[in-house]
Amino acid sequence: MRRLPDRGEIDRARPLRFRFDGRALTGYAGDSLASALLANGVRLVGRSFKYHRPRGIYAAGLEEPNALVSIGRGDARRPNIQATAVPLSEGLEAVSQNRWPSLHLDLQSLTGLAAPLTGAGFYYKTFMGPNARAWMLYEHFIRKAAGLGPPPTGPDPRPAETLHAHCRVLVVGAGLAGIAAALEAAREGDSVLLVERDSLLGGAALSTPPGSQERAHLETLLTALAAQSNVQVLTNTQVFGTYDHGCFAAVEEGEVLQLWLIRAERAVLASGALERGFVFPGNDRPGVMLAGAARTYLNRYGVLCGERAVVFQNNDSGEAVALELAQAGAAVTLVDPRENLDAERRKSLESAGIILRLGSRITAAFGRRLRVVEVSGARDRARLPCDLLCLAGGWSPVLHLASQAGARPRWSDPHAAFLPGSLPGGMAVVGAAAGDFRRVADGEVVPETGWSRPLQPLWRSGEGPMAFVDLQNDVTAKDVRQAHDEGFVSVEHLKRYTTLGMGSDQGRTSNVLGLALMAEASGRTIAETGTTTFRPPYAAVSLGALAGAEVGGAFHLRRRTPLDSLLREEGAVMTHSGLWERAWYFRENGPDLESASCREMEIVRSDAAISDVSTLGKFEIEGPDAAELLNRLYCNGWSKLAVGKARWGVMLRDDGYVFDDGTTARLGETRYVMTTTTAKAEQVLSRIEFLLQTAWRDLRVQVCDVTDHWAAIALSGPNARKVLAKLIGAEQARDLPFLGLLETELAGAPVRLIRVSFSGELGYEVYCPAQDAPSVWRALRRAGAGAYGLEALGALRIEKGHVSAGELDGRTTLDDLGLAAMASRKKAFVGQVMAERPGLQAKDRKQLVGLTAETPLSSGAVLSFGPFAGLGEGRITAATWSPSLGCYLALALLRDGRAQHGREVAVHDPARGRLCKALVRDPHFLDPEGVRQRG
Amino acid sequence: MDDRHSILDQGAALQLQLQPCRPLVQVGFWRGARGAAALRLAEALAFEMPADGRQVAGFPDGWAYRIAPDRLLLLSDRARPLLQECRSAVGQDGAVSDIGHAKRILDLDGSEAVSLLTRGIAIDLGPAGLTPGAFAQTRLHDASILVHRLSPERFRLLIPTSFAAALVDWFVESWAMMQY
């Protein structure tokens, strides 16, 4: 192997240093890692998956089954990368995989001695007992012995982003056919997106020698392409998936991982074809390579992969390779099972010094690194010394994207390949991907394929052990036969039983060989045998690329209330509540969550404090049918709600379970403002809009989301009225009744005051336009109100026994929550009929109860009166320490709970390892008569 | 972020500005009364009712976005009693709600505006897609937004107030990624 001085697209003025297994090497800009390794004389690149056999570079692109390496360091390390698909870069570090202690001396290769015992499915048959858990033990060792590179343990540090692209015509693949298709579409005025996996445009033409007709044709096309302003070209980008509605996904794995979501009206797939080899003993030895790959290394990278080459072909494509290798200085023998060859071509080959062995085939290869091949003809058998064996066993069109879109591949005997079947509308397949293997230089050709002589189907050219079908997964011809003999004759079963076609190469060089051998074993044709289902992704995609920038803190966009900045200035410690950032507790009330929240609860119970509740859903409902809408949505009635009054309401889902609750106030004859829980705001709005646009089109009412327009501040505590009186006057504060609404001014801002309580204390909700919220908050603080956060808010409501998200979990009914009396019998409402179902009326349903205990209780803990089994008798939905009562409290859903008041129940919290006793009681722990909130 | 807020350095290929709240109302018409009420509103504000849900109708110092068959968003670039103007024009034939504090305006201006937006929204910003004078309602990450294309390189985004800070961060970080 050597680098030729006068060939290749590499930039010899730009040497690049890189390392392979710690060894310092040099390549050039334009090299792939594989070409640079070959140029440095590196033949042994990896060890095989199962038998740890030495493996070299077999292909030149994504079809490479052998040369898997780990690239990079630390968390940026990427395992199982095909060296053929990595552009060489300065400082690149590559490490071989699946070997111990080293690539050249891999003691695990001793497993090869047991190969006769470790055929297809041996895991399933061998590691079965003595019990189900034993597999966990075996797996640890099996994965160490047979596997790929270990993944990094940390997040991918590479930046990533997602981009959206739209075009009229998407062309996948920029070989000659793809560029021609892009040009044609562009000339018709279409916007065209041309996507190419390689860094250069040209596809297979780049593998032809300088001065070839393909190169000349490529130059012409590229010149024409450059003149088209309506063509966008993406290089280094792999289209890996076809999805509904003309959506394609592509990835560019550069310094920034870029995931492209492409929406195209039409798609032209020019994804080319991949070469395949033959099955014979020793066909995996370093030095055995696809003929097209040897050609690529020669002409694109200037690397002659061997000095004594044998080219074994069953179609015409090997001849050009043989000629070019000979012209580059290699001694070449061409082996072909076909006898006929016209005189002109024979003369051309022989005059280049090529030895022809027609009517022959390669039946075996020998040497730890390839040294000898066995050639068998009808009458003779010989051994040829060589260091390079090029296999030209036919071409498989890349059908993955078309197949993902539903085009079932069809077998073509002339091509000895699957071709695209009936394509979905708006999709076309061109060039080699459509089975047109014609080269520009050819003259007379076979109409179907573009070759001058018909291909001679040949899958297995030699018999014996270690004749590999799938090099990446160490699947041999014997394994395929064994799978058949054991009944795994379906191609899907064959794949799963033997692992044929799995892994990073997805069987690109092996699938057709495996199907052919299965067809042979089962006495069927390949067409009858069929092929496996193609699913995205076509090529391996980093999870980091799929995640894009939406990781860590950017996983969600955080919503902030209008008071966010002010509360932070006041020392609020923030927490996440859904998408919202909310004040959890205030440092002025204590140094940590526990002490601060307890102090905040005490302030609310003994004085007055305010909390930011702007996250509540708020919808303005306006129109002559607004009351009717509320009547239909809520289980309780709204027709008699007076202007200036508010009412608490509960709405059900269609299926009769409780959906959400909230307070709605009547602003005018036809205007209301509804509040919802923070968690359900978007769902409630979506539900109402759906009903108004479908079932209730007759209602004249508009629902407008004003959640972000209005800030909301809860003012709670026995001194709340005094605080308010300082700001709006004693008279107004005094005259506002429980569940009354007042529209007035506070701190110069227009506000809506609703006297309502979530804490159980005298309380008000102060609504003001978002921009006025800071001034209103400051005014309330100046008037004497303390501040409390989300933790105290949640604990106060538990003390009062108000239901919230933990209890409104989509599995509770009105009766479960003790709210059955709210349901009106005088009107129809959503969920009314389904709520009457027997299952929702059963006596043994879980009902809301309160629990008190001397030890901590926690949400999710299981309740039981007897030994714990399954889900027990119920669960805790919310728990807290109660400074007011001096004990731990919880709300819980307990089977037939209201009948259990006064009983002691066992509480089991397996997640925290706690087991304790609690007393079942009424959920309204504090002021059950409501004296304080009406005070 | 209460005042006109320039997010990126002056001289960058993109200018990003968060504007203060502006008069913004949502108008809904009752089915059957839409034609007459919409006509009265259009006459009062001096705009031509958009025929479809893509084109923006301009009126002196303002814009009308038809966000649903029976629903308009009206945005004014100057302080004015837009709510009252709309209520008096619509009368009993619809409903008018003030949402001026619910949305912030984010203006993008520059040759890189399209490239930046393609990193967040799945709308066709090419010549066959969102052309100048058109608008679209879409999502950017978790937020529902309205995108109004003012010119080939100028966009106006109506974004939820509660998402404003996070979206500004998103744009700044995406812009930084573009410079990588």
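The values are calculated or read from the model by the stated rules, or taken from the named source; none is laboratory data. Bear in mind the structure is a predicted one, so any value in this text is a computation, not a measurement. Cβ sites come from the backbone with ideal geometry, for glycine too, and all protein chains shown count toward neighbours.
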Worksheet item: Quick check: is even one residue across the range A:301-312 in contact with a Phe, Trp or Tyr (Cβ under 8 Å, 6 or more places away or on another chain) and part of a loop (DSSP other than H, G, I, E, B)?
Response: yes
Worksheet item: Tell me, which strands (runs of 3 or more DSSP E) lie completely within the range A:870-933 with 3 or more residues that are of a type in the set (A, V, I, L, M, F, W, C), touching a strand residue (DSSP E or B) at 6+ places or on another chain (Cβ under 9 Å) and surrounded by fewer than 22 Cβ atoms within 10 Å (Cβ to Cβ)?
Response: A:914-921
Worksheet item: If you check A:T561 against the conditions, is it within 14 Å of chain B (Cβ to nearest Cβ), more than 28 Å from A:A76 (Cβ to Cβ) and in contact (Cβ under 8 Å) with a residue 24 or more places away in the chain?
Response: yes
Worksheet item: If you check every pair at least six apart or on different chains, which have Cβ atoms under 6 Å apart with a residue in the range A:279-303 that is closer than 26 Å to A:R7 by Cβ and in contact (Cβ under 8 Å) with a residue 60 or more places away in the chain first and a residue that is part of a strand (DSSP E or B) and among the basic types (K, R) second?
Response: A:G302/A:R3; A:V303/A:R3
Fill in: Any chance A:R99 is part of a loop (DSSP other than H, G, I, E, B), touching an Asp or Glu at 6+ places or on another chain (Cβ under 8 Å) and at pLDDT 85 or above
yes
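Would you point out the residue of the range A:706-721, among those that are out of contact with any Pro (no Cβ under 7 Å at 6 or more places or on another chain) and at the interface with chain B (Cβ under 9 Å from one of its Cβ atoms), that is nearest to B:G94 (Cα to Cα)? Spell out how you get there, then give the answer.
Quick first cut of the range A:706-721, residues out of contact with any Pro (no Cβ under 7 Å at 6 or more places or on another chain) only: A:706-707, A:712-721.
Filter once more, so that each one left must be at the interface with chain B (Cβ under 9 Å from one of its Cβ atoms): A:706-707.
Working: A:V706: 17, A:T707: 21 Å.
My answer is A:V706.
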Practice prompt. Identify all residues within the range A:540-558 that are within 11 Å of chain B (Cβ to nearest Cβ) and in a helix (DSSP H, G or I); write none if there are none.
Written response: A:G553, A:A554
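Go through B:D77, B:D107 for me and flag whichever is within 12 Å of the chain's Cα centre (by Cα) and modelled with pLDDT under 95. Walk me through it before giving the result.
Numbers: B:D107 fails: modelled with pLDDT under 95.
Sole residue among the options that is within 12 Å of the chain's Cα centre (by Cα) and modelled with pLDDT under 95: B:D77.
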Practice prompt. Being outside any strand (DSSP E or B), under 16 Å from B:D109 (Cβ atoms) and touching a His at 6+ places or on another chain (Cβ under 9 Å) is the filter here, so list the residues in the range B:138-159 that pass it.
Written response: none
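Filtering the range A:54-82 down to residues that are part of a strand (DSSP E or B) and of a type in the set (D, E, K, R), which residue is surrounded by the fewest Cβ atoms within 10 Å (Cβ to Cβ)? Talk me through it step by step, then tell me what you get.
Of the residues in the range A:54-82, the ones part of a strand (DSSP E or B) are A:54-55, A:68-71, A:78-82.
Retained after the next criterion (residues that are of a type in the set (D, E, K, R)): A:55, A:78.
Working: A:R55: 27, A:R78: 19.
Per the criteria, the residue is A:R78.
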Worksheet, complete the sentence: Restricting the range B:134-155 to residues that are surrounded by fewer than 21 Cβ atoms within 10 Å (Cβ to Cβ), within 20 Å of B:R54 (Cα to Cα) and charged (D, E, K, R), the one nearest to the other protein chains (Cβ to nearest Cβ) turns out to be B:R139
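Within the range A:775-796, does at least one residue satisfy the condition of being assigned to a helix (DSSP H, G or I), within 14 Å of chain B (Cβ to nearest Cβ) and closer than 30 Å to A:G590 by Cβ?
In the first step, residues of the range A:775-796 are kept if they are assigned to a helix (DSSP H, G or I); the result is A:775-782, A:790-796.
Subset that is within 14 Å of chain B (Cβ to nearest Cβ): A:775-776.
Retained after the next criterion (residues that are closer than 30 Å to A:G590 by Cβ): A:775-776.
Checked the range A:775-796: at least one residue is assigned to a helix (DSSP H, G or I), within 14 Å of chain B (Cβ to nearest Cβ) and closer than 30 Å to A:G590 by Cβ.
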Worksheet entry | Index of the failed condition, B:A122 passing every other in (1) farther than 30 Å from A:W580 by Cα; (2) part of a loop (DSSP other than H, G, I, E, B); (3) at the interface with chain A (Cβ under 10 Å from one of its Cβ atoms) | (1)
Worksheet entry | Residue that is surrounded by the fewest Cβ atoms within 10 Å (Cβ to Cβ) [pool: residues in the range B:93-119 that are more than 8 Å from every other protein chain (Cβ to nearest Cβ) and of a type in the set (S, T, N, Q)] | B:S111
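Looking at the range A:153-166, which of its residues are touching a helix residue (DSSP H, G or I) at 6+ places or on another chain (Cβ under 9 Å), of a type outside the set (S, T, Y) and within 9 Å of chain B (Cβ to nearest Cβ)? Steps first, please.
Initial filter on the range A:153-166 (touching a helix residue (DSSP H, G or I) at 6+ places or on another chain (Cβ under 9 Å)): A:153-164.
Filter once more, keeping what is of a type outside the set (S, T, Y): A:154-161, A:163-164.
Scanning the range A:153-166 gives A:P159, A:A160, A:E161, A:L163, A:H164.
Conditions tested, residue by residue: (1) touching a strand residue (DSSP E or B) at 6+ places or on another chain (Cβ under 9 Å); (2) charged (D, E, K, R); (3) modelled with pLDDT of 90 or more; (4) closer than 26 Å to A:Q82 by Cα.
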{"position": "A:V445", "(1), (2), (3), (4)": "no, no, no, no"}
{"position": "A:S452", "(1), (2), (3), (4)": "no, no, no, no"}
{"position": "A:F468", "(1), (2), (3), (4)": "yes, no, yes, yes"}
{"position": "A:E486", "(1), (2), (3), (4)": "no, yes, yes, no"}
{"position": "A:E492", "(1), (2), (3), (4)": "no, yes, yes, yes"}
{"position": "A:R496", "(1), (2), (3), (4)": "no, yes, yes, yes"}
Practice prompt. Considering only residues that are touching a strand residue (DSSP E or B) at 6+ places or on another chain (Cβ under 9 Å) and in a loop (DSSP other than H, G, I, E, B), look in the range A:219-253 and name the one that is nearest to B:A128 (Cα to Cα).
Written response: A:N230
